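Taking it in order: structure first as structure tokens, then the write-up.
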Amino acid sequence: MISQGSAAVGELGQIRGGVCAGKVSALLNVADMFEPKFRFCKPESVTVGQAIQVILKRLEGNPEVWHQLFDTLALAVFVDVWPCQ
């Protein structure tokens with residue numbers, strides 16, 4: 001059993017953070033390839049860290065969606081926050 005505060009727990013958190021950053025980076029890199037209803041137009045200079053903060057801010061106010069897949073949530077947030085004109 002892994003106890004709170006153990007090295008394994010910290011390592012797992014780092015792995016999950018890396019997976020999150022990788023998924024967000026991938027979404028930012030392929031945004032212009034999505035079909036129109038899923039397309040978003042991110043600010044040119046946005047970083048992965050800033051994009052993650054946008055997602056977290058939106059999710060903090062909507063705990064009812066936390067059970068959904070992260071990928072789906074992230075894409076929906078980006079489409080809503082950064083629509084293409």
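Since every read-out is calculated from the coordinates, none of them should be taken as a lab result. Please read these numbers as outputs of a predicted model, since none were measured by experiment. Note that we place each Cβ from the backbone using ideal geometry, even for glycine, and neighbour counts take in every protein chain shown.
For the chain, the mean residue ellipticity at 222 nm estimated from helices alone is -19000 deg cm²/dmol, where every DSSP H run of n ≥ 4 contributes -39500 (n - 2.57) and the total is divided by all residues, rounded to the nearest 500.
The packing ranking of peptides 17-30, 71-84, highest mean first, is 71-84, 17-30, where packing means the average number of other beta carbon atoms within 10 angstrom of each residue. Taking the chain, the Cys residues with no second Cys beta-carbon under 4.7 angstrom are Cys20. With coordinates expressed along the principal axes, the C-alpha atoms belonging to the chain extend over 50, 27, 19 Å, beginning with the largest.
Assign unit charges at the C-beta atoms only (+1 for Lys and Arg, -1 for Asp and Glu), then state the dipole size of the chain relative to its Cα centre in Debye, rounded to the nearest 20.
That gives a dipole near 40 debye.
Restriction of the GluC sites (Glu not before Pro) in the range 26-76 to DSSP coil positions whose beta-carbon has at most 14 other beta-carbons within 10 angstrom yields Glu44. Across the range 7-81, C-alpha contacts under 8 Å between residues 6 or more apart give a mean separation that, scaled by the residue count, equals a relative contact order of 33 percent.
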